[in-house]
Amino acid sequence: METARRRRHGKELEASLLTAAWEELVQTGYARLTMGSVAARARTSEAVLYRRWPNKDRLVLAAFEHQRVVNPVAEPDTGTLRGDLLAYLTEVSRARAGLFAIAAAAAFSGLLADTGLTPARVREQAMGDQRLPHERTIYRRAHERGELALDRIPPAVLDMPFDLVRHDLLMDLGPPAPDRIRSIVDDLALPLMRGRP
């Protein structure tokens, strides 16, 4: 006879519900995911889900955020801005490629229409990091080392390498090649940040 399962509460319960929602999203896709299918996977009732999220759209968005939070990407400290950018863009591309592909598929399967969100807002849910560009640890360290004068660089320039990687993830549904990341850093980002065309 199967022993009774331990009852889950609070953060533990919420984490298991979001994990179940993510697994259901990955296996069945956004269009076929239902509150009932997530509840079955989590071995709970739909009422438990509805107490936390009013509909599947909010549940899916919370599942994106949960996946991002439980799988953080550390900002490296290689000692140089170039090294930090190359290492971080490579790792974030690898770590977030699957998450981004699922988010893009959900967006095109009805998430945008159902929630009224823009693609940029769905991207933020999937990719996270809503800090202002000047607040990024990579840039603050470079500023402290004297590599950058942060007060003289437009935010759009600081955002650009991250935006280009997200663009490539969306277009290719996979991480950019190492040569592409090197080109983003060496041919575009660093010359613009250092004031050289």
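Would you tally the residues in the stretch 166-179 being at pLDDT below 90, assigned to a helix (DSSP H, G or I) and not basic (Lys, Arg)? Talk me through it step by step, then tell me what you get.
Within the stretch 166-179, the first condition is being at pLDDT below 90, and the residues that meet it are 166-175.
Restricting the remaining residues to those that are assigned to a helix (DSSP H, G or I) gives 166-172.
Checking the rest, the ones that are also not basic (Lys, Arg) come to 167-172.
Residues meeting the conditions: 6.
How many residues are among the small types (Gly, Ala, Ser) and either closer than 13 Å to Ala15 by Cβ or assigned by TED's automatic domain parsing to the domain that holds Ala142 (or both) when one looks only at the stretch 28-73? Walk me through it before giving the result.
Residues of the stretch 28-73 that are among the small types (Gly, Ala, Ser), as a first pass: 29, 31, 36-37, 39-40, 42, 45, 47, 62-63.
Retained after the next criterion (residues that are either closer than 13 Å to Ala15 by Cβ or assigned by TED's automatic domain parsing to the domain that holds Ala142 (or both)): 42, 62-63.
Within the stretch 28-73, residues that are among the small types (Gly, Ala, Ser) and either closer than 13 Å to Ala15 by Cβ or assigned by TED's automatic domain parsing to the domain that holds Ala142 (or both) number 3.
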- [ ] Residue by residue through the stretch 140-179, note down the ones that are surrounded by 16 or more Cβ atoms within 10 Å (Cβ to Cβ), under 21 Å from the mean Cα position of the chain (by Cα) and charged (D, E, K, R).
- [x] Arg166, Asp168
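If you take just the helices (runs of 4 or more DSSP H) that sit entirely in the stretch 8-68, which of them hold at least 3 residues that are modelled with pLDDT of 90 or more and under 28 Å from Val92 (Cβ atoms)?
Working: elements: 10-28, 35-42, 46-50.
Correct list: 10-28.
Would you point out which residue out of Glu23, Glu65 is charged (D, E, K, R), free of Cβ contacts under 8 Å to residues at least 40 places away in the same chain and farther than 30 Å from Ala149 by Cβ? Quick ask: steps written out before the conclusion?
On the way: Glu65 fails: free of Cβ contacts under 8 Å to residues at least 40 places away in the same chain.
Step by step, each of Glu23, Glu65 is checked, and only Glu23 is charged (D, E, K, R), free of Cβ contacts under 8 Å to residues at least 40 places away in the same chain and farther than 30 Å from Ala149 by Cβ.
Right, Glu91: modelled with pLDDT of 85 or more, surrounded by 15 or more Cβ atoms within 10 Å (Cβ to Cβ) and assigned to a loop (DSSP other than H, G, I, E, B) or not?
Numbers: modelled with pLDDT of 85 or more: yes; surrounded by 15 or more Cβ atoms within 10 Å (Cβ to Cβ): yes; assigned to a loop (DSSP other than H, G, I, E, B): no.
No.
Just give me the residues in the stretch 157-197 being charged (D, E, K, R) and within 15 Å of Asp84 (Cα to Cα), in sequence order. I'd like the intermediate steps shown before the answer.
Start the filter on the stretch 157-197 by keeping residues that are charged (D, E, K, R), which leaves 159, 163, 166, 168, 172, 179-180, 182, 186-187, 194, 196.
Scanning the stretch 157-197 gives Asp159, Arg182, Asp186.
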- [ ] Test Arg82 against the stated conditions and say whether it is in contact (Cβ under 8 Å) with a residue 40 or more places away in the chain, surrounded by fewer than 18 Cβ atoms within 10 Å (Cβ to Cβ), basic (Lys, Arg) and under 21 Å from Leu170 (Cα atoms).
- [x] no
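The values are calculated or read from the model by the stated rules, or taken from the named source; none is laboratory data. Worth saying up front: this structure is predicted, and the values here are computed from it rather than measured. A quick note on method: Cβ atoms are made from the backbone with ideal geometry, for glycine too, and the neighbour counts reach across all protein chains shown.
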